[in-house]
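Reviewing the structure listed below.
The values are calculated or read from the model by the stated rules, or taken from the named source; none is laboratory data. Note that the structure is predicted; figures quoted are calculated from it, not measured. Backbone-built Cβ (ideal geometry, glycine too); neighbour counts: all protein chains shown.
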Amino acid sequence: MHHPLRLTIDRSAIQANWRWLQERAGVAAGAAVKADGYGLGAGEATKALFDAGCRDFFVSTWAEAEQLGGLPSDASLVVLHGVGPNDADAALGLRARPCLNTAEQVARWEQIAPGRACDVMIDTGMNRLGLRPNEIDLLDGLAIDTLHSHLACADEDDPLNEMQLERFRVVASAVQAKRYSFANSAGICLGRDYSFDLVRPGIALCGGVPREEAANNIRQVVRIEAQIVQRRTIPEGESCGYGATFLAQENTEAAILNVGYADGYLRGFSSHGSAFAGEFSLPVLGRVSMDLLAVGCDAVPGLKEGDWVEIDYDLPSASKQSGLSQYELLTCLGERFERRWI
Ligand SMILES: *Cc1c(COP(=O)(O)O)cnc(C)c1O
C-alpha cells in the first residue's frame, strides 16, 4: 500500500548522537527508549544503540518492556515506573528490573523477589517519582544495581540543578549500589560533575537539542516528507483553509500536502511552519487541517501533484515554529507515516 507521507529515521545519526553524549559524559551512556523510543520505534532504536555500544535501556512500563522483547544477554532493561500492585507477574516473568520509587514498591519487591536486583529512584527535589532522602533506611538489604535521581531543570540554568546534585551526592555516599546515575540529555551538557557512573539520555539521541552546548553536535534524526495532493492558485483576495486565516494579497501558488494534525503536525504550525523543496522554503498558509496542509510555492514553479516535499522538522526549529516541546514533536507523530529506517 502506498503511503503519501513518510518518516525517515537515520540510524547512523542516532548512533553518532549516542557516541557524542557518551564522550561528553565520560562514563557509560544508556538510553531512554520509553514511549516507543520517543515515537521512532523502540525496537529499531534499541538495536541501533546496542550496535553502537549502548547496554543500558530504560522504558516506563512493563508493557513497554514486554513489547521490546528479549534483548541480547549483555544488555539490561529497567522499568522506570517500578513495580506496582498489578505488576508482580510481569516483573517476575520478564528479563527487566524495576526502578523502585516508593516505600510500597520497596516492600512489594522484597516480598515478591527477595534478594533480586533492582534499581531505585531518589527524589532530590523534582517531586515527581522517587523516595525522599529521609526514606533511605528502607533500602537496607536491597540488592541495588543502579541508584538514580532525575533533574527537574537541566535544560535551564536554574539553582535547583546544583541543589539536586548536592542532595544526590549525599544520598549516594550513604546508599550502597553498584552504580549511580543522575543525568538525562540536558544533564550531560551541565558537565561531568553530573555524570556519576551512568547517564540516561533520551531526547538528544533522537535529534533533540537539550541545551545550547549540544547545538552543533547533535544530528537531526527524523525527516518528514509529504506528497502533494493538489497544486493550485489562490486568487488574489481569496483565502485558504479553515477559518480563512490566510488571505492572498496577490495570486498565490499553493501546494496542498498529505499531512495534518491527525499525523501529529499540530495546529501550532498554522501560519508558522515551513517546508522545503530543495533549497526553497515554503511557508505554511493558514491553518493545519486534520489530514491536509497548504504551503506557498511561488518560489518553485515546477512543483506538481505527486511530488514530495520535506517539512521542516528539525526539532529545535520546529519547536520554535509551533510552540511545542521537542519531546511532544516526536511522541505525537502518528500512525499514517511510513516509517523508514536508513
Ligand atoms: C525520560 C527520562 C530520561 C531521558 O530524558 P531526556 O530528557 O529525554 O534525555 C532520563 N531519566 C529518566 C528517569 C527519564 O524518565
| message | Could you check the range 17-60 and list, in sequence order, the residues that are in a helix (DSSP H, G or I), within 16 Å of the ligand (Cβ to nearest atom) and touching an Asp or Glu at 6+ places or on another chain (Cβ under 9 Å)? | response | Arg24, Lys34, Ala35, Asp36, Gly37, Ala42, Ala45
| request: Only one of these is over 30 Å from Asn17 (Cβ atoms) and surrounded by 15 or more Cβ atoms within 10 Å (Cβ to Cβ): Leu77, Leu94, Leu49, Leu138. Name it. | output: Leu138
| task | Starting from residues that are charged (D, E, K, R) and away from the ligand (no atom under 12 Å from the Cβ), keep the ones in the range 102-127 and report whichever is nearest to Leu198 (Cα to Cα). | result | Arg116
| said: So if I check each of Ala63, Ala35, Ala31, which one is under 26 Å from Glu335 (Cβ atoms), in the same structural domain as Val120 (by TED's automatic domain parsing) and surrounded by 23 or more Cβ atoms within 10 Å (Cβ to Cβ)? | reply: Ala31
| Taking the range 138-156 as the search range and keeping residues that are assigned to a loop (DSSP other than H, G, I, E, B) and away from the ligand (no atom under 16 Å from the Cβ), which one is modelled with the lowest pLDDT? | Gly141
| message | For the range 96-127, give me each residue that is under 25 Å from the mean Cα position of the chain (by Cα) and either modelled with pLDDT under 95 or more than 19 Å from Phe58 (Cβ to Cβ) (or both). | response | Gly125, Asn127
| request: Would you please name the residue that is nearest to the ligand (Cβ to nearest atom), looking only at residues in the range 197-230 that are charged (D, E, K, R), surrounded by 16 or more Cβ atoms within 10 Å (Cβ to Cβ) and not in a loop (DSSP other than H, G, I, E, B)? | output: Arg223
| Among the residues of the range 105-115, is there at least one that is buried (at least 18 other Cβ atoms within 10 Å of the Cβ) and closer than 17 Å to Val33 by Cβ? | no
| task | Could you check, for the range 128-137, whether at least one of its residues is in the same structural domain as Gly82 (by TED's automatic domain parsing), in contact with a strand residue (DSSP E or B) (Cβ under 6 Å, 6 or more places away or on another chain) and away from the ligand (no atom under 15 Å from the Cβ)? | result | no
| said: Give all pairs with beta carbons closer than 9 Å in which a residue from the range 133-162 that is at positive phi meets a residue that is away from the ligand (no atom under 16 Å from the Cβ) and not in a loop (DSSP other than H, G, I, E, B); count only pairs at least 6 apart in sequence or on separate chains. | reply: Gly141/Glu110
| query | So Cys189 clears everything in (1) more than 26 Å from Arg55 (Cα to Cα); (2) within 16 Å of the ligand (Cβ to nearest atom) except one condition, right? Which one? | reply | (1)
| query | Quick check, is Ala183 of a type in the set (Gly, Ala, Ser) and touching a strand residue (DSSP E or B) at 6+ places or on another chain (Cβ under 7 Å)? | reply | yes
